[in-house]
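Novice: Just dropping this structure here.
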Amino acid sequence: MNLKKMIFSFTLVLCFAGMLYVQEANHVTAFGKTNKSSQSSFTIVLKDQNNNELVNYVSQPRTNFLSTKEFSRKYGQSTTTINKIKKYLASHHLKAKVYPGNLVIKVTGAKNNIEKAFHFNLIKEKINKTYVTKPNKTPKMANSLDQKISGIIGLSNYDHLSSSSQSSSFGVKRGPSDFIKRYHLQDTINNKSHKVANIGIISFGGFSKNDIKAFWQKMGIKNSLNRIHVYTDSNKDNQKLSDETTMDIQQASSIANNANINVYLAQPTISGMINSFANAIGSNKSDSISLSWGISEAEIEQMIDNKILPDNYNDIINEILLQGASQGISIFNSTGDNGAYDGIQSGITKLTVETPASSLYITAVGATTVPTKYNVNGHVVNVSNERVWSNDFLYPYFNSIELYNANQSTFLDSYFVGSGGGFSKFNATPDYQQNVSGVNSYRAIQHWDMSKGVANQLATPKVLTGTSSGRNLPDIVANGDPQTGYSVYYNGKWLIDGGTSIVAPQIAAVNAIYVSKLNRRLGLWNPRIYSLAQSNNSPFNPLYGDNETNIYYAPQDNKIYNQATGLGTVNFDKLFNLIK
C-alpha cells in the first residue's frame, strides 16, 4: 500500500538549501560563449605506466613512500612525451601547465585554437530540457600523442560538483574539543610531536581570515594565520566566500592545532577538482588531504552517456589518487548528504553512491547523530544512542504535517537527508574489504518505491536482505548531523554546521596528528583499518539499531561492517597505539 507520491522532474543544475550544484558556464568557460578568441582552460589526464605494479605498491603495508620525482620516473609519462605534448600545444598557441607526477596537464588558450588542436567543433545539444555545449566528437591529438592520453575533461559547460554540507540556525553548539573527547584522541595529542604535519584542503570558494581568527579565539586556540597557505588558479569566482571552505579550515586547524593548512582553490567543477588534486599531490606538501565535495556515480554515468565525460572517467580518478597513496598521502572524502539516494537532488531515484569517495584509494567518511534531545515545532525527538545520520525517524512527524505537499526543495531537504553509503558500480570490492563480515551483504529498510522513477512512500516500510558487490561505502563515521553538529563562524556570524563534509577535515586532522607523533606518513588507511577491524582488539565501534537507516541501508547484528556506518566510529587513541 502506498502512502504518498512525489514526482521529480530532472534538471541538470539545481540549487537547494545546504546543497549547491554549480554549472561551469557560470564560472569559467568560454566553451559556452560565442567568442572563439576568448580564453578557456581544460584538463588532459595522461595514462600512468606500470599500473599493476603501482596498485601492488600502494596495497602493501609500508613506512616509506615515493617522492614525486620517483613517482614520475616509475609511473608517470616520460619527460620526452611531456615535451612532445607541450610542443604540440605550443604549435597551436596553447599554454600547458604540467603538474608534478607527469599525469595531469592544464591547458589554456583560445577556443578556436583548442578546437583545431583537438580536431572537434563545439555544438549545443539539448539534454533533458537544458542546452549543453560540448564537443561534437571525442577530442584527439596527433595519433602518436593521443595514445598517451587517458582522457580530456572540461570541454563542456556542464561539469559540476556538490558540497556535502548542511547548516542549521539551531542545535547543540560543539567545538573541536567535543570531537577529541567523544572519539578519544586526547592521549595521542599529549604524546610528544616529532614534526609539524600538513593538511591539504581541496575546496571551491574563498574564506575570510577574520572568520578563522574569531573562531580560534572563541575556542581558546592560540594559532597564527601564517599557518594557512592558499594555492589558487586565476579564476576570481573561487575567491567568493564559502561556508564549506571556512568550516573545513576551522575544523582541521583546531583539532590538529599545530598543523599547517594548505588550501587548494579551483573552479567548482570536475576539472577543477582534478587540477586541485594534481596540484596538492604533485607538490607533495600535505600529509593529509580532505575533500568535502563530490558527485553521484549515477550523474557521472549520465555525463558519460551524453559524451560530456570520457568513458574511463573512473580510471582517471583512480590514477590520480594512486599517485597520492604511493607518496604516502592519506586522502579523506565525504560520502554525501542524501543517504543511499545520492543523485536525488538531480532527479535520479535509484540507489547510488558518491565519487570520488567510491574510489579504492580514498577513505570514505560518513556521518552520525550523537545522543540528543531537541524539539521540532513542538515535536520532541530523543536519540538515546549514537546512530547513522538520517531523517528517517522524523518521517511520521513529516507525514503528520503533510510535508510531502510542500515544494520539491522542502520535500527533498526533509525526507532525503542522511549519510551516504552503499555499493559502487564503478569499482569492484577491494581486497581489503574481502571476507569482512557484512561487506557485500546488506540489510535494508525500504521506505520508498522508486520503480516508476518517482518517490513513492510506503505506508509500511519493507525489511529487505540480500547481497551485492562493489566497493562498499563508507569506511568510518563520526558525528555530522547538523542538529548535533559543530559551531562554525562564517561571514561574521555563528552557525551550527554538519553533513558528512564536516567529518572529512576532522579525520584528516587526526591523520596529521598521527604523522606529527610518528614522524612518518601513513598512506592509504583502508588496508590497515579493515585488518584491525577483524582483530580481537579492534579500535572500531560498530553501530547497531534495528530501524536505523541512511534512508535505506541498516546495520546487521553481529557484523563488523554495514553500508550505513561502515566499520563504525573510531577510538583514535586505540587506533594510534595499534599502528605506531
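Novice: Would you mind calculating the relative contact order of the chain from Cα pairs under 8 angstrom and at least 6 residues apart, reporting the percent as a whole number? Numbers along the way, then the final one.
Specialist: Numbers: 1411 pairs, mean separation 112.2, N = 580.
Relative contact order here is 19 percent.
Novice: Please work out the Cα convex hull volume for segment 373-517 and give it in Å³ per residue.
Specialist: Details: hull volume 28.9 nm³, N = 145.
Looking at segment 373-517, the number lands at 200 Å³ per residue.
Novice: Remind me, what semi-axes does segment 185-260 give for its equivalent ellipsoid, largest first in whole Å, using sqrt of 5 times each Cα gyration tensor eigenvalue? Let's see the in-between values first.
Specialist: Values: eigenvalues 122, 40, 20 Å².
Here the semi-axes work out to 25, 14, 10 Å.
Novice: Considering only DSSP beta bridges whose two residues both sit in the chain, what percent are antiparallel, to the nearest 5?
Specialist: Details: 63 of 92 bridges.
Looking only at bridges with both residues in the chain, the antiparallel portion is about 70 percent.
Novice: If you don't mind, there's one more thing I want to ask. For an R0 of 41 angstrom, estimate the FRET efficiency from the Cβ-Cβ distance between Ile123 and Met450 and round to the nearest 0.05. If you can, show how the numbers build up before the last one.
Specialist: Values: r = 33 Å, r/R0 = 0.81.
That pair, Ile123 with Met450, gives E of 0.80.
Novice: Would you please classify the overall shape of segment 443-580 from the alpha carbon gyration tensor, given that a ≥ b ≥ c denote the square roots of the eigenvalues, rounded means a/c under 1.5, and beyond that prolate means a/b larger than b/c while oblate covers the rest? Before the final figure, lay out the partial values.
Specialist: On the way: a/c = 2.50, a/b = 1.35, b/c = 1.85.
It comes out oblate by the Cα gyration axes.
Novice: Next question, about the same structure. Pick out, from Leu394, Asn537, Thr410, the residue whose Cα sits farthest towards the positive end of the charge dipole of the chain, with +1 on the Cβ of Lys and Arg and -1 on the Cβ of Asp and Glu.
Specialist: Asn537
Novice: Follow-up. Run through all the Cα pairs of segment 266-372 and give the fraction in each 10 Å bin from 0, expressed as whole percent.
Specialist: Answer for segment 266-372: a P(r) of 14, 44, 31, 9, 1 percent.
Novice: While we're looking at this one, here's another question. Viscosity 0.692 mPa s, temperature 37 °C: what is the translational diffusion coefficient of segment 46-164 from Stokes-Einstein with a Kirkwood Rh over Cα pairs, rounded to a whole number of µm²/s? Each step should come with its number before you reach the end.
Specialist: Values: Rh = 16.5 Å.
Estimated via Stokes-Einstein, D reaches 199 µm²/s.
Novice: Going out from 0 in 10 Å bins, what whole percent of all Cα-Cα distances in the chain drops into each bin?
Specialist: 3, 18, 29, 27, 16, 5, 0
Novice: For segment 499-549, what number results from the quotient of the Cα radius of gyration and 2.2 N^0.38 Å?
Specialist: Normalised Rg, Cα atoms only: 1.42.
Novice: Give the residue list of GluC sites (Glu not before Pro) in segment 53-139 that are DSSP loop and have at most 11 other beta-carbon atoms within 10 angstrom.
Specialist: Numbers: sites: Glu53, Glu70, Glu115, Glu125; in loops: none.
Sparse-neighbourhood loop GluC sites (Glu not before Pro): none present.
Novice: If you don't mind, another one. Can you sort Lys574, Lys452 so the residue with the fewest Cβ neighbours within 10 Å comes first? Before the final figure, lay out the partial values.
Specialist: Working: Lys574 18, Lys452 10.
The most exposed by this proxy come first: Lys452, Lys574.
Novice: Before rounding to the nearest 500, sum -39500 (n - 2.57) across all DSSP H runs of length at least 4 in the chain and divide by the residue total; then give [θ] at 222 nm in deg cm²/dmol. All intermediate terms of the calculation are to be shown ahead of the outcome.
Specialist: Values: 17 runs with 163 residues, N = 580.
Helix-only estimate at 222 nm: -8000 deg cm²/dmol.
Novice: Cα centroid distance between segment 85-105 and segment 407-437, in Å?
Specialist: For segment 85-105 versus segment 407-437, the Cα centre distance is 37 Å.
Novice: Another one. Got a sec? How would Ser531, Ser330, Ser441, Ser346 order by Cβ neighbour count within 10 Å, fewest to most? Working shown, then result.
Specialist: Values: Ser531 14, Ser330 26, Ser441 17, Ser346 22.
If I rank by nearby Cβ atoms, fewest first, I get Ser531, Ser441, Ser346, Ser330.
Novice: Please compute the length gained on full extension between Ser193 and Val376, using 0.36 nm multiplied by the number of residues separating them and subtracting their Cα-Cα distance. Don't skip to the answer; put the middle values down first.
Specialist: Working: separation 183, 0.36 × 183 = 65.88 nm, distance 4.47 nm.
Gain on stretching Ser193 to Val376: 61.4 nm.
Novice: Right, another one. Between Ser384 and Glu402, what is the label-to-label distance in nm when each label sits 7 Å out along the Cα-to-Cβ direction?
Specialist: 3.4
Novice: Please rank Ser253, Ser271, Ser414, fewest neighbouring Cβ atoms within 10 Å first, as an exposure proxy.
Specialist: Details: Ser253 27, Ser271 24, Ser414 17.
The fewest-first ordering by Cβ neighbours comes to Ser414, Ser271, Ser253.
Novice: Average the reciprocal distances over every distinct pair of alpha-carbons in segment 314-450, invert the result, and give the Kirkwood radius in Å.
Specialist: Values: mean 1/r = 0.0585 Å⁻¹.
It is 17.1 Å.
Novice: Going toward the positive end of the dipole of the chain, with +1 on Lys and Arg Cβ and -1 on Asp and Glu Cβ, which of Pro474, Tyr57, Thr369 do you reach last?
Specialist: Tyr57
Novice: Restricting the count to DSSP beta bridges whose residues both fall in segment 315-448, what percent are antiparallel, rounded to a multiple of 5? Could the numbers behind the result be given before it?
Specialist: Working: 8 of 13 bridges.
Counting only bridges with both partners in segment 315-448, antiparallel ones make up about 60 percent.
Novice: Please sort by residue number the GluC sites (Glu not before Pro) in segment 196-299 whose DSSP state is loop and whose Cβ has at most 13 other Cβ atoms within 10 Å.
Specialist: Numbers: sites: Glu244, Glu297, Glu299; in loops: none.
Filter output for segment 196-299: empty list.
Novice: Let me ask something else about it. Highest mean first, what order results for 258-264, 505-511, 116-122, 321-327 on Cβ atoms within 10 Å? Kindly include the intermediate steps, with their values, before the conclusion.
Specialist: Details: 258-264: 22.7, 505-511: 29.0, 116-122: 17.3, 321-327: 25.9.
My ranking of the peptides, most packed first, is 505-511, 321-327, 258-264, 116-122.
Novice: Using the eigenvalues of the Cα gyration tensor, what equivalent ellipsoid semi-axes result for segment 531-580 when each is taken as the square root of five times the eigenvalue, whole Å, largest first? Can you show the working numbers first?
Specialist: On the way: eigenvalues 111, 20, 12 Å².
Ellipsoid half-lengths, sorted descending, are 24, 10, 8 Å.
Throughout, read-outs are computed from the coordinates displayed, never taken from laboratory work. All values reported here derive from a predicted model rather than from experimental measurement. All Cβ positions, even for glycine, are placed from backbone atoms using ideal geometry, and neighbour counts span all protein chains on display.
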